[in-house]
Amino acid sequence: MFNNCTFVTGAQMQLSDKPTLSLAPMMDYTDRHMRYLIRLMSQHALLYTEMVTTGAILHGNRALFLKYHPLEHPLALQLGGSDPTDLAAVSRIANDQGFDEINLNIGCPSDRVQKGRFGACLMAEPELVAECIHAMQKHCQIPVTVKTRIGIDDHDSYAFLTHFIDTVAATGCNTFIIHARKAWLQGLSPKENRTVPPLSYDSVYDLKKDYPHLNIQINGGIQKHEQIQEHLKHVDGVMLGRVAVNHPYLFAEIDQRYFNVNKAMVSREEILNKYIDYAEKELQEGAPLRHLTKPLLGLYKGQPGARKWRQVLSQAFPPTLGLEIIQQALAAQKSAITKLVEL
Ligand SMILES: Cc1cc2nc3c(=O)[nH]c(=O)nc-3n(C[C@H](O)[C@H](O)[C@H](O)COP(=O)(O)O)c2cc1C
């Protein structure tokens, strides 16, 4: 039992005067290509992998699941699991592989994840989570962090949340990323669980007030820099999920706005040129074209010609097409601007 006792092992996240701005873990999206693209926009954002299960790493194609580009640092590996021994083994592997942080997923409500007894359902088992975190900390030197919700099902009181935080923080884990809505474990799809339960940013702000020594980061429904700036008055960090898919260029302002970087924002075309160099090498090594073009789909969001850009880029079907599709999409976007000007 980890209640009422304090274990402090392993590395802790430093509480610093700089906020954490991060790319959320997103299955089927935050693969290494999307992370590389985001890194071209911000040197300071912390990037999370998609959730990887302990089983996938211990018994599957480990090299594939853990592959990343050296430029991706700082990079956190998100794990799904609830077996302390397996989590400890994988933490050692992740540590040796050079990740900067390991994060345990206590927020995913999918049926598949619940069947494996991990994700959001573990909010009901804080002692087990503490045991897992403790085992992980013992086997790595990098910070072990937790991403969770504000509650599950009818367990949605602030007292339920603080009992969870108290129990897990007793291990020495000092960083919690909180998706500011609860999850319904039955009856809602994962997608609905990201929109239907209402957001309660105040619960996360209250956590920071009550646990000033912990690093509390907020997540959920954050779309604009004005919102990020407001949240940072209350918490230590902001994690961005769907906006990174729909409008990744938002990340291009992060270094200047939050890290006092005193240089011009990188333009979309500079990003594209660098990304194409990367994609050429990846394509030669066998990466599928559509995996490489997918992270680019939202790049022109809000700009004239954005629809044309997406339309052309969505047609990236090999073998008839290669990376020239990116130039074609750019030409289509530009011609849409010209047409607008002519009108
Ligand atoms: C397609 C998709 C996949 C996701 N996969 C994961 C995941 O692997 N691990 C996780 O902790 N959260 C996952 N999430 C949840 C996000 O990390 C985030 O908590 C959620 O989308 C709310 O943040 P947002 O409103 O900024 O998108 C996923 C979300 C989406 C949209």
message = I need the full set of residues from region 73-94 which are among the aliphatic types (A, V, I, L, M), part of a strand (DSSP E or B) and without any contact (Cβ under 8 Å) to a residue 60 or more places away in the chain, in order please.
response = 75, 77, 79
ask   = Which one is farthest from the chain's Cα centre (by Cα), of the residues in region 229-257 that are more than 11 Å from the ligand (Cβ to nearest atom) and among the β-branched types (Val, Ile, Thr)?
value = 235
message = What pairs come out if I take residues in region 153-167 that are hydrophobic (A, V, I, L, M, F, W, C) and pair them with residues that are not in a helix (DSSP H, G or I) whose C-beta lies under 8 Å away, six or more apart or interchain?
response = 160/151; 161/150; 161/151; 164/148; 165/176; 165/211; 165/214
message = Given the condition in a helix (DSSP H, G or I), aromatic (Phe, Trp, Tyr), touching a Ser or Thr at 6+ places or on another chain (Cβ under 6 Å) and within 29 Å of residue 216 (Cα to Cα), answer yes or no: does some residue in region 249-259 qualify?
response = yes
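Quick one: in region 191-212, of everything that is polar (S, T, N, Q) and buried (at least 16 other Cβ atoms within 10 Å of the Cβ), which residue is nearest to the ligand (Cβ to nearest atom)?
Step one: of region 191-212, the residues polar (S, T, N, Q) are 193, 195, 200, 203.
With the extra rule that they be buried (at least 16 other Cβ atoms within 10 Å of the Cβ), the set shrinks to 193, 200, 203.
On the way: 193: 9, 200: 13, 203: 15 Å.
The qualifying residue nearest to the ligand (Cβ to nearest atom) is 193.
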request  = For residue 237, state whether it is out of contact with any strand residue (DSSP E or B) (no Cβ under 6 Å at 6 or more places or on another chain) and either closer than 23 Å to residue 99 by Cα or open to solvent by 30 Å² or more (accessible area, probe 1.4 Å) (or both).
outcome  = no
ask   = Of everything in region 18-39 that's within 14 Å of the ligand (Cβ to nearest atom) and of a type in the set (A, V, I, L, M, F, W, C), which residue is farthest from residue 256 (Cα to Cα)?
value = 27
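Here is a list: 260, 246, 215, 219. Which entry is touching a residue at least 40 places away in the same chain (Cβ under 8 Å) and surrounded by fewer than 20 Cβ atoms within 10 Å (Cβ to Cβ)? Please lay out each step first, then the result.
Numbers: 260 fails: touching a residue at least 40 places away in the same chain (Cβ under 8 Å); 215 fails: surrounded by fewer than 20 Cβ atoms within 10 Å (Cβ to Cβ); 219 fails: surrounded by fewer than 20 Cβ atoms within 10 Å (Cβ to Cβ).
Every option except 246 fails the conditions.
Within region 213-227, can you find the residues that are assigned to a helix (DSSP H, G or I) and away from the ligand (no atom under 11 Å from the Cβ)?
Initially, region 213-227 is screened for residues assigned to a helix (DSSP H, G or I), giving 225-227.
Listed by number, the residues that qualify are 225, 226.
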Selection from region 43-72 of residues that are part of a loop (DSSP other than H, G, I, E, B), within 21 Å of residue 242 (Cα to Cα) and away from the ligand (no atom under 16 Å from the Cβ) = 43, 44
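The values are calculated or read from the model by the stated rules, or taken from the named source; none is laboratory data. Nothing here was measured: the structure is a model prediction, and the numbers come from that model. Virtual Cβ from ideal backbone geometry, glycine too; neighbours counted across all protein chains shown. The accessibility values were calculated without ligands, DNA or RNA, using every heavy atom of the protein model including side chains. Shrake-Rupley method; radii C 1.70, N 1.55, O 1.52, S 1.80 Å.
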